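Encoded as structure tokens, the structure appears first; notes follow it.
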Amino acid sequence: MEKYPLVVLPADDNELEKTLAMAVDKSIDMIELRIDQFSNFDIKYIVEKAQLVKKYDFGMIATVRSKEEGGTDIQDEDRVKIFEAVVEYADILDIELTSKRINHKVIEIAKDEGKLSLVSYHDFEKTPEEDEIQKIIDDASALGADIIKYAFTVNSVEDVSRLMCVTAKNRDKKLVAIGMGELGRITRVAGFFFGSVLTYTYIGKSFAPGQIEAGRLIEELKFYGLRG
Ligand SMILES: O=C1C[C@@](O)(C(=O)O)C[C@@H](O)[C@@H]1O
């Protein structure tokens, strides 16, 4: 997990093996398994998909995104069961700061298995003010997150500037800062200069506004000296 910056491909269960084969060709580092976007929430089915990711030798982030932050309406206790089932195949478990009933439990599941926890926060409407962003970082840090991720919709260049500057002020932590939307596209590369440790991309289907297609992203990272 020390080979920063990392390029992460979110994937659901739709034609997963085809996606994984394409990801190999595109020099993807990690797969984010967006379990919340699966067609089937049967634990055995989910574990089979996690095992497939490991068969292709990718690092894996396991995400069961809450409905409130752009995911699916899965009961908290069922989300915990999913994390418990896939943690052995994952490198990182992603849980929302706002999932207050279970985030401490998911962090514990990760730690007990020697895996990393990523506490995330999404705002699909705006980029908060600096003090609000700092509080998100501080609250996630206080929870014991190994990695802290915040993804905000940016609506102005000032939003981009604020997002990057707050990130640079928190270099003592492992952060993922993402500006969603067209204006935020630049943060998916420039963020690495301000302290981000990974970025998300897409092949074919994008999972969020402003993502840069994998082939283009890798070329841009190479151009800026961020990738060999
Ligand atoms: O939190 C994030 C970031 C993301 O929303 C993006 O903007 O690329 C994509 C999601 O799959 C991931 O869980």
Of the candidates Ile203, Leu221, Gly181, the farthest towards the positive dipole end of segment 163-228 (Lys/Arg Cβ +1, Asp/Glu Cβ -1, centred on the Cα centre) is Leu221
Stick to the Cα atoms of the chain, pair each with every other, and give me the Kirkwood hydrodynamic radius in Å at one decimal. 17.5
If I model segment 70-126 as equal point scatterers sitting on the Cα atoms and use the Debye formula, what is log10 I(q)/I(0) at q = 0.17 Å⁻¹? -0.52
Counting other beta carbons within 10 Å of each Cβ, put Lys173, Lys135 in order, fewest first. Lys135, Lys173
Calculated [θ] (222 nm, deg cm²/dmol) that DSSP helices of n ≥ 4 give over the chain, each run adding -39,500 (n - 2.57): -11000 deg cm²/dmol
Under 26 Å from the Cα of Lys111 - lysines, other chains or at least 8 residues apart: Lys3, Lys44, Lys49, Lys54, Lys55, Lys67, Lys81, Lys100, Lys135, Lys149, Lys173, Lys174
Lys and Arg at +1, Asp and Glu at -1: add these up for the other residues within a Cβ distance under 9 Å of Gly144 and post the number. -1
Could you line up Thr127, Thr72, Thr199 from fewest to most neighbouring Cβ atoms inside 10 Å? Thr72, Thr199, Thr127
From the square roots a ≥ b ≥ c of the eigenvalues of the alpha-carbon gyration tensor of segment 32-144, which class results: rounded (a/c under 1.5), prolate (a/b over b/c), or oblate? prolate
What ³J(HN,Hα) values, in whole Hz, does the Karplus curve 6.51 cos²θ - 1.76 cosθ + 1.60 give for segment 145-154 when θ = phi - 60°, with x put for Gly and Pro? 5, 7, 10, 10, 10, 9, 10, 10, 6, 9
Shape call for segment 36-95, from the Cα gyration tensor axes a ≥ b ≥ c (a/c under 1.5 means rounded, otherwise prolate when a/b beats b/c, else oblate), comes out prolate
Cα-projected label distance for Glu108 with Glu17, points at 7 Å along beta-carbon direction, nm: 3.9
Springs between alpha-carbon atoms under 10 Å, Gaussian network over the chain: tell me which of Leu16, Leu116, Leu198 tops the mean-square fluctuations. Leu16
For the charge dipole of the chain, defined by +1 on Lys and Arg C-beta atoms and -1 on Asp and Glu C-beta atoms about the Cα centroid, which residue among Met164, Tyr45, Gly70 has the Cα displaced farthest towards the positive pole? Met164
Take Lys18, Lys149 and order them by how many other Cβ atoms sit within 10 Å, fewest up front. Lys18, Lys149
If the elastic network links every pair of Cα atoms under 10 Å, which of Asp13, Asp91, Asp112 fluctuates the most in the Gaussian network model of the chain? Asp112
Can you compute 3J(HN,Hα) from phi for each residue in segment 9-23, using the Karplus curve 6.51 cos²θ - 1.76 cosθ + 1.60 with θ = phi - 60°, rounded to whole Hz and x for Gly and Pro? 10, x, 8, 9, 8, 6, 6, 4, 5, 5, 4, 5, 5, 5, 5
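Bear in mind that the values in this text are calculations on the coordinates, not laboratory data. The structure presented is a predicted model; accordingly, all values stated were derived computationally and were not measured. We place every Cβ from the backbone using ideal geometry, glycine too, and count neighbours over all the protein chains shown.
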